[in-house]
1. Ignoring everything but the protein chains, give the 1.4 Å probe accessible area of B:Glu210 in square angstrom, nearest 10.
2. For B:Met69, what is the net charge nearby, where nearby means another residue's Cβ is under 13 Å from its Cβ and Lys, Arg count +1, Asp, Glu -1?
3. Using only atoms on other chains, find how many Cβ atoms lie within 10 Å of each Cβ of peptide B:194-204 and report the average.
4. What share of the DSSP beta bridges in the protein assembly as shown is antiparallel, in percent to the nearest 5?
5. Go through B:Phe26, B:Phe302 and list them by solvent-accessible area, largest first, probe radius 1.4 Å.
6. B:Phe18: accessible area at probe 1.4 Å, nearest 10 Å²?
7. So what's the Cα pair-distance distribution over segment B:169-304, bin width 5 Å, in %?
8. Computed on protein heavy atoms with a 1.4 Å probe, what is the summed buried accessible area for the chain pair B and A, in Å² to the nearest 100?
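The values are calculated or read from the model by the stated rules, or taken from the named source; none is laboratory data. Keep in mind that this is a model prediction, so the values were computed, not measured. Here the Cβ is made from the backbone with ideal geometry for all residues, glycine too, and neighbour counts use every protein chain on show. For the accessible areas, the whole protein counts, side chains as well, though only heavy atoms, and no ligand, DNA or RNA atoms are used. Shrake-Rupley method; radii C 1.70, N 1.55, O 1.52, S 1.80 Å.
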Amino acid sequence: MNLWKRLICTCRRRSPWLFHMNSGSCNGCDIELVAALSPRYDAEQLGVRLEGSPRHADIVCVTGPVTRNAVAAIKTVYGQVCHPKAVVAIGSCPATTNVFIDSRTLAGPLDKHIPVDVFVPGCPPRPDAIIQGVAKAAEILAEREMKPAETELPPTVEEARP
Amino acid sequence: MNLITALARLLIFPGLLFAVPAAWFFLWVERKAVALMQERIGPPFMQPFFDFVKLLAKSTPPRRGIGGMLMRAWPLLAVSGAAGAVGLLPVLPSSGGFEGDLILLLALLELPSMCIIAAGFSSRSIFGEIGSAREAALSVSYNIVFLLAIVSVAASQHTFRLEMLAALPASPLRWLGIAAILVCLPAKLHINPFSLPNAEQEIYAGPMTEYAGPELAMWELSHGLEWVAGAGLVATLAAPHVAIGWLAATLFIVLSFVLVLLLSTLAAATARLAIDTTVRFYWQCTLIFAVLAISSALFMRFRS
């Protein structure tokens, strides 16, 4: 049993599949995420694969400062990813809303709406930083149980209120 | 073919015990070939195995009712069909077989594609339905050529028994048939330029959009087994007859590997075609050759 668990841990660490979610980003971070998968940085060496469907993914990569329109979509997509899962916030926007702070059209930062495991700061962050963030998220993911822990559930409406 | 040889062929060689690692290996070759052609290093050797175990250990969304049961059943049915097709391949000399096992092999090879069509529709996702419709259109176009090619091979050698087909010396007509099968294989395996049904990013993941965890692991496995069965079918038809068991097995593995390498290179070098171009390609360009092959096979048969 222990051996099986260790095997699963290794496999989860070595095969993180990403789903890329744009929550109103300026496209800077999106381009850097694509660059991380391109021949120069080649994230596939770590088993990373960009998936089209959130059902297939293990790690959700969110870029952008979370606009009001994007909140419902982010929650839906987070719910569609099967357990165990992890979230990587790419760039300064999802972490702090960056230069768009105090804008009326924003509902960020991201961790008000879904639990975030790894923040990759930068405007935009370098591809190697993104790969490091994904690798770190994969390590967190490897230790997770099939059943979601309390900290992995999205905050309720009362908690999300500022 | 008695029960013990049938079980041995289905479970050991060339069945599950050989076919599952071979499927993972071919999936790795497919990804590695693309990576090398793009000047990347690509995934590590064990990557398909890691993916498979990881997917097995993921949860699935709750599925209720008949639709949920069907969604669990399709990937299993696809895997068993592809595994059965691999088990029927006459790799070892005098390994048994029965009259008409070629027809059973063709039916089993078609099963995963049928399951994909049904899976997309039973997932009730709009992308799944688009993917399934594309798969159905693709299947109608390449299957005519594929079946005509195989029938012409069988008719030219007067048998529907796989073992006899593999044992007989190859004729020019057989090479024509093999070439026609090779043209159909990329469509059967859903790789570029015919990766229409699961068109990644274009329609999310096509029929597989709603599948997660162990179900997706089974789809990946069935895709790998289809590689083994498709490449293996061509390898058994093209390989010269060898009486020694281990030599025949080695020849089979080497030929399949070369075929997989060729097809992966083709996949890496081409872009996805549109559905109408694909259908036109099969109905207008390749159908003529298939009809030529079968008519000359029948003609030769009546003359002899």
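1. 40 Å²
2. Here the count lands on +2.
3. Average neighbour count from other chains, rounded to a whole number: 2.
4. 5 percent
5. Sorted by accessible area, descending: B:Phe302, B:Phe26.
6. 40 Å²
7. Binned Cα distances yield the sequence 2, 9, 14, 17, 18, 15, 11, 8, 4, 1, 0, 0.
8. Looking at B and A, the buried total is near 2600 Å².
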